Amino acid sequence: MSLKSVSPQAARQLLDAGAVLVDIRGADEYAREHIRGARHLSLDQLNAAGTELVGSKAVIFHCRGGQRTRMNEARLAACVSCDAYMLEGGIQAWKAAGLEVEQDPTQPLELQRQVMIAAGSLVLLGVLLGYALSPWLFLLSGFVGAGLIFAGISGFCGMALLLQRMPWNRRLNQP
């Protein structure tokens, strides 16, 4: 079984008719912004628990821009025994269509964005200090680059683990 693609407007009509909307993004993404009434079940929760969404006549899955949903289409379809859809363009398309989302700007930025900001800042700092003070400081940029390569290959990101423990992210980590 595969997921049928549905536009934001058609998804709104399905929701009004009783469909269930499932947000598959991470908890940090959902906490900062989500579609009102969406049920949060991250990919990890759906895959680990073998969750099956029963009792619905239709389920619509969505992520940020649609790529995660498309990449996990078979796994998501296996979680339902009813009509299953994916929201074209995810929450970004939903917002672009002028449909309402709930936002909480007091929540921290998504962890992935924090990693990109921190890594980019450290690389830039290493380059600037390398030119201004000592060529040895270029090693900072090299170290961060090597860490990103390792994270991409292994799936383990030490910077993400460190940022996850920062005070501004603790609210998400508490039950």
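The values are calculated or read from the model by the stated rules, or taken from the named source; none is laboratory data. Keep in mind that what you see is a predicted model, and the values were worked out from it rather than measured. Here Cβ is always computed from backbone atoms with ideal geometry, including for glycine, and neighbour counts include all displayed protein chains. Just so you know, the surface numbers come from the protein's heavy atoms only, side chains and all, with ligands and any DNA or RNA stripped out. Shrake-Rupley method; radii C 1.70, N 1.55, O 1.52, S 1.80 Å.
Volume per residue, Å³, of the convex hull around the alpha-carbon atoms of the chain?
Spread over its residues, the Cα hull of the chain gives 141 Å³ apiece.
Over segment 111-171, with the other protein chains present, what is the accessible area per residue in square angstrom, probe 1.4 angstrom?
On a per-residue basis, segment 111-171 sits at 72 Å².
Return the carbon/sulfur percentage of the accessible area of segment 111-171, one whole number, probe 1.4 Å, all protein chains in place.
Roughly 76 percent, rounded to a whole number.
How do the peptides 112-121, 96-105 rank, highest first, by the average count of neighbouring beta carbon atoms within 10 Å per residue?
The packing order, highest mean first, is 112-121, 96-105.
Based on DSSP H runs of at least 4 residues, each adding -39500 (n - 2.57), what is the mean residue ellipticity at 222 nm of the chain after dividing by all its residues, to the nearest 500 deg cm²/dmol?
After summing the helix terms and dividing by the residues of the chain, the value is -14500 deg cm²/dmol.
Which percent of Cα pairs goes in each bin when the distances of segment 4-103 are cut into 5 angstrom slices starting at zero?
All Cα pairs considered, the percentages come to 3, 14, 28, 28, 19, 7, 1.
For GLN45 and ILE149, what does the FRET efficiency come to when R0 = 30 Å and r is the distance between their Cβ atoms, rounded to the nearest 0.05?
Result of the calculation: an efficiency of 0.55.
Please sort through the DSSP H helices of the chain and keep those with an alpha-carbon extent of at least 30 Å along the long axis and a Kyte-Doolittle average not below 0.5.
111-132
So how far apart, in nm, are the two label points at PHE138 and ASP83 if each is 7 Å from Cα heading toward Cβ?
Here the answer is 6.0 nm between the modelled labels.
Between LYS57 and GLN103, what is the FRET efficiency for a Förster distance of 22 Å, r being their Cβ-Cβ separation, to the nearest 0.05?
About 0.15, to the nearest 0.05.
Please compute the volume of the convex hull spanned by the alpha-carbon atoms of segment 111-171 and report it per residue in Å³.
Numbers: hull volume 4.8 nm³, N = 61.
Measuring per residue, one finds 79 Å³ for the Cα hull of segment 111-171.
What does the accessible area of ARG170 come to, in Å² to the nearest 10, when a probe of 1.4 Å is used?
120
Considering only GLN112, GLY158, ALA74, whose Cα is most displaced toward the positive end of the charge dipole of the chain, charges sitting on Cβ of Lys, Arg (+1) and Asp, Glu (-1)?
GLY158
Which value, in debye to the nearest 20, describes the size of the charge dipole of the chain about its Cα centre when Lys and Arg Cβ atoms bear +1, Asp and Glu Cβ atoms bear -1, and nothing else is charged?
For this selection, approximately 140 debye.
Using 7 Å Cα-to-Cβ label points, what is the LYS95/ALA10 separation (nm, one decimal)?
Computed distance between label sites LYS95 and ALA10 equals 2.4 nm.
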